[in-house]
Amino acid sequence: MVISLELDSETPLYEQLRNQIVIGIATGQLETDEKLPTVRQLAEDLGINTMTVNKAYALLKQEGYIVIDRRHGAKVGTRTAEDPKHAAHLEEQLQLMIAEATIKGVDQPRFQALCSQIFARMTYQH
Amino acid sequence: MLLVIYLVTILICYIAMLTTYMPQAKYHNGMLFAVMLPSQAMDHPAIREVQAQFKKQFRQVMIGSLVALIPLVLLYAQLAYQTIYFLVWLTVFAVVIVIPFRRAFRATLALKREHDWFVGMKRVIHSDLRVAQLKNKRSAPLWLFIIPFAMSFSLIGWAASDPTRDLGLPIASLIMSVIFFLISLSMRKVKGKVYSANSEVNLSLNQAKRRLWSYCWLFMAILENVHFLLIDQLMMNENLEWKGVWLVVTLLFTAIPLGIILTVNHRVKMSEQDILANDGKIIYSDDDEYWGNGFTYHNPNDSSVFVTKRVGIGFTINSATSVGKVFVWGSAIVFAAIIVGVSFLLIRSELTSPVLTITAEHNVHIDYPMYSYDFKVDDIEQLSLVDSIPKGTKTNGEATDQYARGNFRLKELGRSKLYVVKNNPPYIQIKLKDLYVFYNEKDPAQTKKWYERLQIQVQK
C-alpha cells in the first residue's frame, strides 16, 4: 500500500503514518500477517527521521495492530478479541464527532448513511 | 593524438547535453522544462512562447560552443595551452549550456504560479510499504563485487611481484572497483519511486529498474578492470605501434560503458512507459519547489542524500543534507584544484626548461621542477654525443610532441632520465651506473658547447 504523508498537516507525521496503516489493515490493502518494512527501510524511503517511524510502529504495536518480532521484523497482527477498553474509547470519540456533526447541521440519517458507506469499504475479515 | 582524445571527450559532453536538454522542450511525463504542468497548460500561448525562446537560445549556445572549439584545433602545436583551453572550454560549456534551460524553467515556473497550474498534492511524501521493503530483492547481490575486487588485487599482486613495474595503474583499477562498489551501495539506499496507487506496479518497476542498474555497475567494474589490465600491458610492451592500439582501446572503453548506460536508461524508461500506460492510478506529486534551476535538488524535509534526477540520466544529490553539502562543496573544491593545479603545472613546464650546471665540487646538476637530478662527474661511465634517442615509454614525467622530461624507460637502454627537446639533435648521452641521462638545448650549438665542457670535466 502507498503511504502519503502531508508535511504541512497539523497532524504529526507519526500519527499520519499510524492512521494510514490502521486504515490500510481495515480496508484490506494490508493483509493479515503481511510483512512491513523495517523502521530503517521505511524511514529511508520516506526520507524522514527513523525516530518518527519508530514512534508510529511502537504505537501500532502497543495498540495491537502490528506485531514486532526480533527476527522477522514487523508484520500486520492477527485478529484481536473485542476489547472493553476500546469500546469505551470509541464511545468517547464518537460522542465528540456526533456533537460536532450536530452543530454543523448533519442529521442522524445522513451521519448513519456516511457510516455505512465507510463500513462498506472495510474488507477486514475476522 | 591528444587532440583526438580532447575532441572525443568534447563530443561525448556535447551529445550528452544535447540529448539531455533538447527533449525538455517537449511535454513529457507531465513535465515541461522540469516543471510539473497539467496537459491543458500546453495550449497556452505564453508556454509556446517559452518553448520557442528556448529552442532559439539553445541553438545559439550549441553553435557558439562549436565555434569556440576552433582555437583548440589551432593550438595544435602548443600542447600546454591547448590543454588549458580544453579545460576552460569544458568549464564554460558546462555553465553556458544550462542557461537557456534555466531561463525556460524559471519562465515556466512563473507561468505555473500565475495560472495556478498545480498537479497533484504539494508537500506530500509518498512511500510504498512493499517497495520500501523489497526494492532491492532482485538487484545484483553486493557479494558479486568479489569478482572485480579479485581482479584488481590480482593485478596489484602481479605488478608487485615485478620490481620494474609501476603500481599506479593496478591501484587505479582497485580505486575504480571501490567507486563502482560505493555507487552500487548508495543506489540501494535511494528511495523507491511511487508511480501508482497500485503496489504491484510500483514493486515491479522499482525492482526491474534496480536490477538493470545494479548489474550495469557490476559489469562496469569488471570492464574497467579489463581496461586497466590492457593499458598496463600496452605500457609494458614497448611496441612502436602502441599508440594506435592505445587510441582504439581508449575509444572502445569510452564507447562501451557509455552505450551500456544509455541502453539501461532507455530500457528502464521503456518499461516505465509500457506499464504505466495501462495503469489508471498514477500518482503525481508536486515537488517543483525543491528543484532549484530545475536540476539541483534542495529539500530539507528529505533525509535521503541521493535522489533520482528529473532531467537527464541517473541521480543527483540533495544539497540540503549535511552529506550532500560535503559532496557539493568537496567536488567543487576538487574540480577547481585540479583545473588550477594542472594549468599551473602545464604553464610552468611550458615556460621553464631544464638548466644544466657543473658545480665547483665536480657535481652535475640538472634543475627542472619536480624532476631535478644530481650526479657526480666521477660517476660518469661513458659520455657521448648522439643523434637519436631510442624509443621508449614514460614512467613518470612530462612528454609532449616537443619535450620529454623526467623518468623514462628506453628500448635497449632501460631506465633513463630525459631532459630533451624532441627532434632536435644532437643529444648528450651520459651513462651512469644502471641509468642513462639525456640532455640537449634548443640551440644545437649550445648542446655541443655543454658536451665539450662535460668532456673536459670527465678527462680531469
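The values are calculated or read from the model by the stated rules, or taken from the named source; none is laboratory data. Just so it is clear, the structure is predicted and the values come from calculations on it, not from any experiment. Every residue, glycine among them, receives a Cβ derived from its backbone with ideal geometry; neighbour counts consider all protein chains shown.
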message: So if I check each of B:K376, B:K281, which one is within 14 Å of another protein chain (Cβ to nearest Cβ) and surrounded by fewer than 16 Cβ atoms within 10 Å (Cβ to Cβ)?
response: B:K281
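State yes or no: is A:I103 touching a strand residue (DSSP E or B) at 6+ places or on another chain (Cβ under 6 Å) and among the β-branched types (V, I, T)? Please lay out each step first, then the result.
Values: touching a strand residue (DSSP E or B) at 6+ places or on another chain (Cβ under 6 Å): no; among the β-branched types (V, I, T): yes.
Against the criterion (touching a strand residue (DSSP E or B) at 6+ places or on another chain (Cβ under 6 Å) and among the β-branched types (V, I, T)), A:I103 does not qualify.
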message: Every residue in the range A:69-96 that is acidic (D, E) and at pLDDT 90 or above, please.
response: A:E91, A:E92
query: Restricted to the range B:288-302, and to residues that are free of Cβ contacts under 8 Å to residues at least 40 places away in the same chain and within 12 Å of another protein chain (Cβ to nearest Cβ), which residue is surrounded by the fewest Cβ atoms within 10 Å (Cβ to Cβ)?
result: B:P300
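Taking into account only those residues within the range B:263-272 that are among the hydrophobic types (A, V, I, L, M, F, W, C) and surrounded by 14 or more Cβ atoms within 10 Å (Cβ to Cβ), which is nearest to B:T308 (Cα to Cα)?
Taking the range B:263-272 and keeping what is among the hydrophobic types (A, V, I, L, M, F, W, C), we get B:264, B:268, B:270.
Right, trim to surrounded by 14 or more Cβ atoms within 10 Å (Cβ to Cβ) and you get B:264, B:268.
Working: B:V264: 15, B:V268: 13 Å.
Only one residue fits best here, namely B:V268.
Tell me, which residue of the range B:116-135 that is in a loop (DSSP other than H, G, I, E, B) and at pLDDT below 90 is farthest from the other protein chains (Cβ to nearest Cβ)? Spell out the reasoning first.
Step one: filter the range B:116-135 for residues in a loop (DSSP other than H, G, I, E, B), giving B:116-120, B:123, B:135.
Applying the additional criterion that residues be at pLDDT below 90 yields B:116-120, B:123.
Details: B:D116: 17, B:W117: 20, B:F118: 14, B:V119: 15, B:G120: 10, B:R123: 4 Å.
So, considering only residues that are in a loop (DSSP other than H, G, I, E, B) and at pLDDT below 90, the one farthest from the other protein chains (Cβ to nearest Cβ) is B:W117.
Evaluate the range A:35-46: report whether one residue or more is touching a residue at least 40 places away in the same chain (Cβ under 8 Å), more than 17 Å from A:N19 (Cβ to Cβ) and within 14 Å of chain B (Cβ to nearest Cβ). Full working, then the answer.
We begin by selecting, within the range A:35-46, every residue touching a residue at least 40 places away in the same chain (Cβ under 8 Å); these are A:35-36, A:46.
Within this subset, residues satisfying the condition of being more than 17 Å from A:N19 (Cβ to Cβ) are A:35.
Subset that is within 14 Å of chain B (Cβ to nearest Cβ): A:35.
The answer is yes, given that some residue of the range A:35-46 is touching a residue at least 40 places away in the same chain (Cβ under 8 Å), more than 17 Å from A:N19 (Cβ to Cβ) and within 14 Å of chain B (Cβ to nearest Cβ).
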- line: Picked from the range B:146-183 (must be modelled with pLDDT of 90 or more and among the hydroxyl-bearing types (S, T, Y)), the residue nearest to B:L234 (Cα to Cα) is B:S173
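This table checks each residue for (1) touching a strand residue (DSSP E or B) at 6+ places or on another chain (Cβ under 9 Å); (2) under 22 Å from B:H126 (Cβ atoms); (3) part of a helix (DSSP H, G or I); (4) within 10 Å of chain B (Cβ to nearest Cβ).
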| site | (1), (2), (3), (4) |
| --- | --- |
| A:Y14 | no, yes, yes, no |
| A:L17 | yes, yes, yes, yes |
| A:I23 | no, yes, yes, no |
| A:E31 | yes, yes, no, no |
| A:K55 | no, yes, yes, no |
| A:K61 | yes, no, yes, no |
| A:H89 | no, no, yes, no |
| A:M97 | no, no, yes, no |
query: So which helices (runs of 4 or more DSSP H) are wholly in the range B:30-113 and hold at least 3 residues that are within 22 Å of B:F295 (Cβ to Cβ)?
result: B:45-67, B:79-96
query: So which residues in the range A:33-53 are in a helix (DSSP H, G or I) and either surrounded by fewer than 22 Cβ atoms within 10 Å (Cβ to Cβ) or among the small types (G, A, S) (or both)?
result: A:V39, A:R40, A:A43, A:T50, A:M51, A:T52
field: Options B:R138, B:R103, B:R113: the member that is more than 14 Å from every other protein chain (Cβ to nearest Cβ) and out of contact with any helix residue (DSSP H, G or I) (no Cβ under 9 Å at 6 or more places or on another chain)
entry: B:R113
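Is at least one residue of the range B:36-47 more than 30 Å from the chain's Cα centre (by Cα), among the β-branched types (V, I, T) and at pLDDT 85 or above?
Yes, because at least one residue in the range B:36-47 is more than 30 Å from the chain's Cα centre (by Cα), among the β-branched types (V, I, T) and at pLDDT 85 or above.
Per-residue answers, yes or no, for (1) of a type in the set (A, V, I, L, M); (2) more than 14 Å from chain A (Cβ to nearest Cβ); (3) crowded, with 17+ Cβ neighbours inside 10 Å:
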position	(1), (2), (3)
B:K191	no, no, yes
B:N225	no, yes, yes
B:D232	no, yes, yes
B:G244	no, yes, no
B:L258	yes, yes, no
message: Being surrounded by 15 or more Cβ atoms within 10 Å (Cβ to Cβ) and part of a helix (DSSP H, G or I) is the filter here; which residues of the range B:411-447 pass it?
response: B:T447
- prompt: List pairs: first in the range B:381-403 and assigned by TED's automatic domain parsing to the domain that holds B:K448 and exposed (fewer than 15 other Cβ atoms within 10 Å of the Cβ), second of a type in the set (G, A, S) and modelled with pLDDT under 90, Cβ under 6 Å, 6+ apart or cross-chain?
  reply: B:N396/B:G406
- prompt: Pick from B:T83, B:T19, B:T91, B:T9: which is crowded, with 17+ Cβ neighbours inside 10 Å and not assigned by TED's automatic domain parsing to the domain that holds B:A399?
  reply: B:T83
field: Conditions (1) part of a loop (DSSP other than H, G, I, E, B); (2) under 30 Å from B:P163 (Cα atoms); (3) modelled with pLDDT of 85 or more: number failed by B:D401
entry: (3)
- line: With criteria (1) in contact (Cβ under 8 Å) with a residue 24 or more places away in the chain; (2) under 20 Å from the mean Cα position of the chain (by Cα), B:A336 comes up short on (1)
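Report, by residue number, each residue of the range A:47-71 that is on the phi < 0 side of the Ramachandran plot, among the small types (G, A, S) and without any contact (Cβ under 8 Å) to a residue 12 or more places away in the chain. Can you show your working first?
From the range A:47-71, those on the phi < 0 side of the Ramachandran plot are A:48-63, A:65-71; that's our starting set.
Those left that are additionally among the small types (G, A, S): A:56, A:58.
Once the filter is applied, which keeps residues that are on the phi < 0 side of the Ramachandran plot, among the small types (G, A, S) and without any contact (Cβ under 8 Å) to a residue 12 or more places away in the chain, the range A:47-71 yields only A:A58.
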- prompt: Does B:A52 fit the bill of being over 24 Å from B:M22 (Cβ atoms) and more than 23 Å from the chain's Cα centre (by Cα)?
  reply: no
- request: Kindly indicate whether any position in the range B:307-314 is within 14 Å of chain A (Cβ to nearest Cβ), crowded, with 18+ Cβ neighbours inside 10 Å and modelled with pLDDT of 80 or more.
  value: yes
- request: Please list, ordered by first then second residue, the pairs with beta carbon atoms under 7 Å, 6 or more apart or interchain, first in the range B:153-171 and free of Cβ contacts under 8 Å to residues at least 12 places away in the same chain, second not small (G, A, S).
  value: B:A160/B:L167; B:L167/B:I156
